[in-house]
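Everything on this sheet refers to the single structure shown next.
Please treat every number below as a calculation from the coordinates, not as lab data. Remember, it's a predicted structure, so these values are computed and weren't measured experimentally. Because the Cβ atoms are built from the backbone with ideal geometry, glycine has one as well, and the counts that use them run over all protein chains shown.
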Amino acid sequence: MLPARPAFVGFVVLAPAMVGCAGNVSGSSGTVDAEATTTHALVIVERTADAVEGVHAEASARFVRVPAWSSMNDAFRAIGAGIDLPAAGTCASQARGAGNATLDVVPVVELSDVGPVALEVGDSATRLVPRQLPDVTDVVSGVVYARATEGSILPAAARYVLRVGGVPGLAAFDVEAIAPGDPNDVHVSGEEPAGVLVASGPSVDLAWVSDGSDDVIYVDVQPAGVRCVFSAGIAPGADVNVHAALSTSLLDDTGTLAIHRLRREAMIARGVDDGELRFDFARSIAYVRSLP
């Protein structure tokens with residue numbers, strides 16, 4: 001293992017609201033067969049730890065069929081399940097709602113029924129409950145799979161197996177992924193044992209050890225509606241002490257900071273053109289800004 005070395009990321013600028021990196025959608029089909037479709041899959045596991053309310057978790061799965069001219073990111077945004085992250089080392093307003101950037105053309109989305117869907121961790125299996133969406137907008141219709149549960153059922157730092165039962169036209173398949181740990185190792189200056197942060201001075205300092213993975217550490221500031229992304233840019237295999245500064249000018253007098261660890265894994269399965277397994281684990285800290 002390489003020796004730890006310091007890294008620093010500072011946040012002092014509030015950038016304008018940003019959208020994701022997907023290209024604009026063209027309304028013209030051109031030479032593309034108008035009936036051609038692609039299937040994109042998105043499975044999200046979320047955990048949130050709160051000093052008062054404890055740990056809550058939920059999982060959802062969507063299998064999205066859209067016209068072939070629409071990208072995976074466009075499909076996820078059309079169903080309100082995209083995630084917009086500003087560039088590493090910057091902050092951005094989320095006033096329009098994270099993951100819901102406006103598309104030039106909204107694709108017609110079919111949420112496919114793929115049979116039983118479950119997440120298995122160790123000897124425990126959590127079946128996601130299918131729910132039929134009414135086609136009230138003539139844009140999105142079909143089946144969404146979801147389940148809310150206590151944190152121990154969908155744990156951190158564990159091996160997950162996604163099991164899809166299949167239907168005629170889509171064979172059953174399994175996908176494995178390793179979930180990251182909770183962001184409990186992200187230390188915040190001024191945080192008291194009871195889970196309350198007293199923010200004083202020009203910035204709130206954060207520190208953690210990066211293991212060189214592709215995990216993203218980001219912070220949502222509420223009620224300001226600001227998201228800041230942290231990145232050390234360290235080569236895989238290196239343990240690095242990372243330090244970052246969040247400007248207190250972004251904070252209201254009182255509010256919450258939600259510190260997230262995000263991991264995104266590509267989903268490779270027969271019958272799915274492309275997809276993503278997304279783990280988004282957070283801990284929420286109430287804060288009070290103390291002015292000098």
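Could I have the simple spin-label model distance between residue 50 and residue 194, label points 7 Å from Cα toward Cβ, reported in nm to one decimal? The modelled label-to-label distance comes out at 1.7 nm.
Taken over region 32-81, the alpha-carbon convex hull comes to 63 cubic angstrom per residue.
In units of 2.2 N^0.38 Å, what is the alpha-carbon radius of gyration of region 108-238?
Numbers: Rg = 20.1 Å, N = 131, 2.2 N^0.38 = 14.0 Å.
Region 108-238 yields a ratio of 1.43.
Applying 1/(1 + (r/R0)^6) with r as the Cβ-Cβ distance of residue 209 and residue 158 and R0 = 22 angstrom yields a FRET efficiency of 0.65.
Approximating the spin labels as points 7 Å out from Cα along Cα→Cβ, the residue 58-to-residue 167 distance works out to 2.3 nm. Put a plus charge on the Cβ of each Lys and Arg, a minus charge on the Cβ of each Asp and Glu, and nothing anywhere else: the dipole of region 161-292 about its Cα centre is then about 200 debye. What does the C-alpha gyration tensor say about the overall shape of region 192-292? Classify as rounded when a/c is under 1.5, otherwise prolate if a/b is larger than b/c, or oblate. The shape class here is prolate.
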